[in-house]
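S.K.: Structure provided below as structure tokens; questions to follow.
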Amino acid sequence: MTDDQTSQSAQLGTVESRGLTPGPTSNKRKRADYRQSQQQKRQELKTVVFEGNDDSQDKIKLPKKKYYRQRAHSNPFSDHLLEYPIGPSHMDWHKLYPALIPPEAETSIDGAKQVEIVDIGCGFGGLLVSLSTEFPDKLILGMEIRVQVSHYVEDRIIALRQQHAPEGKYNNIAVLRANAMKFLPNFFKKGQLSKMFFCFPDPHFKIRKHKARIVTSTLASEYAYLLRPGGIIYTITDVLDLHQWMVRHLEAHALFRRLPKEWEDEDPCVKIMRKDTEEGKKVERNNGDKWVACFVRLDHPE
Ligand SMILES: C[S@@+](CC[C@H](N)C(=O)[O-])C[C@H]1O[C@@H](n2cnc3c(N)ncnc32)[C@H](O)[C@@H]1O
């Protein structure tokens, strides 16, 4: 092996450990190199950004989406290599919100700061970024199954935290690579959440794929368990059939009631999910329809 090859394979080690299979093309190489340099910067910056003592003038730039390309869909039934705690009290939230949660904080204890808002399938994180300033006192978490996309959001949040370090902004948002169809109760305890967002979920058009949809009767029960009474499920999609499917499954559930259009028109989060999600922007550019439905978690079954 030449020196060149040795140094290349050393680099590939890092890339592979992030779930990528590096290929021979120069574009792949460019993207892998870019991500590796972002990863290095991230390691260097983690302490300064997270501990809030950043004196450097060298501000990290926002990441570029083109370097984080990945297939559009990820099979939620595949065995992804995912890390998850055995229960909510075993989750180290300090890693995700270092400026707001002290190390080894018992976040399962009532009174400690806990994640309250989740964006399921957060994609490239547009909603998270807007929710961060709309709810500066709440901890907000994006969950995303695609590895490169979750890395993009992580890099985006780190850059934003550094760019806005003097004002202490964006410390309340974080992203986790996770399969939200499988492990939510491992992360959150009963009644912990006040809002769950399902923005432009994968439509899984074919009938035999409908079971992969993120809203089903079984999952609706899990969402009811995690949401506190009065908590809200937000849904938006540009696919009418999926909209009708989500409405049907959530309306049929004894612990959810659909909120009226007047409520939607007044709610700031509905505006945000219409205009600040990446998919919402795409639909806007193509003059497509956006179907919204919101549901309140009831105290008792109706
Ligand atoms: C069409 S995109 C929408 C992204 C974002 N919500 C938006 O509106 O711009 C759907 C996202 O959900 C993610 N996703 C699909 N199934 C998931 C699952 N089971 N757990 C977590 N994320 C999932 C996909 O990887 C994809 O990024």
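S.K.: Based on DSSP, what percent of beta bridges with both residues in the stretch 81-188 are antiparallel, to the nearest 5?
M.R.: 0
S.K.: Please work out whether the stretch 216-269 counts as rounded, prolate or oblate from its C-alpha gyration tensor, where a ≥ b ≥ c are the square roots of the eigenvalues and a/c under 1.5 means rounded, while otherwise a/b larger than b/c means prolate and anything else oblate?
M.R.: Here the stretch 216-269 falls in the oblate category.
S.K.: Sequence neighbours fewer than 8 away in the same chain don't count; with that in mind, list the lysines whose C-alpha is under 30 Å from residue 190.
M.R.: Excluding near neighbours in sequence, the set is 95, 113, 138, 169, 182, 209, 211, 261, 271.
S.K.: Sticking with this structure for a sec: Which net charge results when you count Lys and Arg as +1 and Asp and Glu as -1 among the other residues whose beta-carbon is under 14 Å from that of residue 274?
M.R.: Neighbour charge sum, excluding residue 274 itself: -4.
S.K.: If you average the sequence gap of Cα pairs under 8 Å that are 6 or more apart and divide by the length of the stretch 133-282, what percent do you get for the contact order?
M.R.: Contact order relative to length: 20 percent.
S.K.: Once the piece of chain linking residue 182 and residue 248 is laid out straight, how much longer is it, given 0.36 nm per residue of separation minus the C-alpha distance between them?
M.R.: Separation in residues times 0.36 nm, less the Cα-Cα distance, equals 21.6 nm.
S.K.: Same structure again: Note down the net charge around residue 290, summing +1 for each Lys or Arg and -1 for each Asp or Glu among other residues with Cβ under 14 Å from its Cβ.
M.R.: The answer is -1.
S.K.: Ranked highest first by the average count of other Cβ atoms within 10 Å around their residues, in what order do 138-145, 295-302, 70-77, 31-38 fall?
M.R.: In descending order of packing, they fall as 138-145, 31-38, 295-302, 70-77.
S.K.: Here's a follow-up. Under a cut-off of 17 Å between alpha-carbon atoms, report the lysines in cross-link reach of residue 28, not counting same-chain residues fewer than 8 places apart.
M.R.: Output for residue 28: 64, 65, 66.
S.K.: Would you please classify the overall shape of the stretch 135-280 from the alpha carbon gyration tensor, given that a ≥ b ≥ c denote the square roots of the eigenvalues, rounded means a/c under 1.5, and beyond that prolate means a/b larger than b/c while oblate covers the rest?
M.R.: In terms of gyration-tensor shape, prolate.
S.K.: Per residue of the stretch 227-236, what does 6.51 cos²θ - 1.76 cosθ + 1.60 with θ = phi - 60° give for ³J(HN,Hα)? Whole Hz please, x for Gly and Pro, Karplus curve as stated.
M.R.: Result, rounded to whole Hz: 7, 7, x, x, x, 10, 9, 9, 10, 8.
S.K.: Roughly what % antiparallel, to the nearest 5, for the DSSP beta bridges in the stretch 164-302?
M.R.: 60
S.K.: Taking other Cβ within 10 Å of each residue's Cβ, how do 215, 292 sort, fewest first?
M.R.: The most exposed by this proxy come first: 292, 215.
S.K.: For every other residue with a beta carbon closer than 10 angstrom to the beta carbon of residue 139, add +1 if it is Lys or Arg and -1 if Asp or Glu, then tell me the sum.
M.R.: 0
Taken together, the values in this text are just the output of simple stated rules run on the coordinates, not laboratory data. Computed from a prediction, not measured in an experiment: that's the story for all the values here. Glycine gets a Cβ as well: all are built from the backbone with ideal geometry, and neighbour counts include every protein chain shown.
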